[in-house]
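Working notes, structure below.
The values are calculated or read from the model by the stated rules, or taken from the named source; none is laboratory data. Treat the numbers as computed from the prediction; the structure is a model and nothing was measured. Quick reminder, even Gly has a Cβ in these numbers, built from the backbone with ideal geometry, and neighbours come from all protein chains shown.
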């Protein structure tokens, strides 16, 4: 079973990861020797002469070590994925697809598609085919984006944990060195807050605006594109948008339930069903309209979410590069001061919290979505759908089939992505908190005073009513019970649609509620990302500031 599981990329596996930072040994001429390694496509480590790359983990020969390289652009590359296996060509291809999906090209391309679609609808007076094309196209797009979003958040967390493991490995050496001997601390008692903006400023190339916004967790807006994306993400992820969204849904339900005089069509349906006005209520076109509206919401939110994550990761990458570069300098300076040139850095084990069967099942499904298995399943499904098109005479029911499948799967994926994101962000926060606590222990041993705003602990949260309500909604949607609800509701919708012989009405019944709830979940997920990303920026910028303080302290001794 082990080999078979590895063939499918060990879905659901969360093994313990081991990290050891490479020893930074000073040379007599003042330079530093570190074991720099690059990660090849096969996952093996090879010697690298590229001075723009900083190794953030070790080339330890033991098979259970995770080899990591931080590139000059701040991208973290790991030899092992989040399931513990070495990365192959499929993983690298999917990582490229994730980066592409978050690019400006895809962002603007989405708006072009929406504009062209709206113009066609105005010219041809919004026929049913026009709506179905948008719904099917969006369902396929969102189905693929669910795979990319899931992989993006799993990889991002894995990379952040790798950074924490490397930093803790070097902190272990520094704590040992400061505990073994006493150096002159005349400069250590001084508050070195001002050193944060002077040390390695050329490395980070951060202007004064970036420095001020860093400790507040704000994502800097350098261009109109950044400003537009940041402003829109805040609007989309607000409680007010959630309220407006559900108000619109209830208005739509009311229009379908209105009592209409005989001979008149119900509002927004465009059709009558027989002579009885009761039968004309809740008609197929009435469902098509809301499906089309939610399709537009899903398309915009999914592309925006991918874009937000991509911009956030790039910003964090700049700080991580500065942190890793200074860590090497800090260790070099410390080894030179204490005369220790041989002792290796300690191994740090990043253990996985014990999971119940429900969470293991969710992780299994999440890995199926976020690995090559999900792509293979998608290719098979789309191939079958295209293959039966001629048998179904390319009818409306054929068009609805793919929308129904991707709608049901996307609905379930939305719950899984939200639950998995809640757990992995908590794990990230816990890891950064441990790093902050160990940093403060090191500062105490070194006799350094750390400014309160750079401790990385007790990060304040909003006390407003809208934040509390939004946090409660986010917590409810993140529960494993919500995933169980999604599974049960999908089974129920399949039974209902089967009873209706998967007719147009039967498929719309399966499509409509799932698309509404999936759109709601994406709005909630954007909101959760805004909070989590802001907290992560504060944690990483505080870690960077503490590295500045520590390096300045060692240079002054």
Quick test of your reading of the structure: residue 318 fulfils all but one of (1) outside any helix (DSSP H, G or I); (2) modelled with pLDDT under 85. Name the failing condition by number.
(1)
Residues that are buried (at least 16 other Cβ atoms within 10 Å of the Cβ) and either on the phi > 0 side of the Ramachandran plot or more than 22 Å from the chain's Cα centre (by Cα) (or both), drawn from the stretch 452-478:
454, 455, 456
Given the conditions (1) surrounded by fewer than 18 Cβ atoms within 10 Å (Cβ to Cβ); (2) at pLDDT below 85, every one holds for residue 346 apart from (2)
Evaluate the following for residue 152: is it under 11 Å from the mean Cα position of the chain (by Cα) and at negative phi?
yes
Evaluate the stretch 428-439: report whether one residue or more is crowded, with 20+ Cβ neighbours inside 10 Å, over 26 Å from the mean Cα position of the chain (by Cα) and over 23 Å from residue 547 (Cβ atoms).
no
Of all residues in the stretch 339-397, which are without any contact (Cβ under 8 Å) to a residue 24 or more places away in the chain and assigned to a helix (DSSP H, G or I)?
357, 376, 377, 379, 380, 383, 384, 385, 386, 387
For the stretch 100-127, name all the residues that are assigned to a loop (DSSP other than H, G, I, E, B), more than 21 Å from the chain's Cα centre (by Cα) and touching a residue at least 60 places away in the same chain (Cβ under 8 Å).
none
Please work out which one of (1) more than 24 Å from residue 362 (Cβ to Cβ); (2) surrounded by fewer than 23 Cβ atoms within 10 Å (Cβ to Cβ) is the condition residue 548 fails and give its number.
(2)
Of all residues in the stretch 390-412, count the ones that are loosely packed, with under 15 Cβ neighbours inside 10 Å and modelled with pLDDT of 80 or more.
2
Return only the number of the condition from (1) at pLDDT below 85; (2) surrounded by 18 or more Cβ atoms within 10 Å (Cβ to Cβ); (3) on the phi < 0 side of the Ramachandran plot that residue 448 does not satisfy.
(1)
Among the residues of the stretch 208-241, count how many are within 21 Å of the chain's Cα centre (by Cα), loosely packed, with under 13 Cβ neighbours inside 10 Å and at pLDDT below 75.
1
Residue 120 - would you say it is more than 22 Å from residue 311 (Cα to Cα) and at pLDDT 80 or above?
yes
On the basis of being surrounded by fewer than 17 Cβ atoms within 10 Å (Cβ to Cβ) and modelled with pLDDT of 80 or more, does residue 360 make the cut?
yes
With the condition kept exactly as written, say whether any residue in the stretch 46-54 is within 26 Å of the chain's Cα centre (by Cα) and either assigned to a strand (DSSP E or B) or at pLDDT below 70 (or both).
yes
Filtering the stretch 132-182 down to residues that are in contact (Cβ under 8 Å) with a residue 60 or more places away in the chain and not in a helix (DSSP H, G or I) yields 181
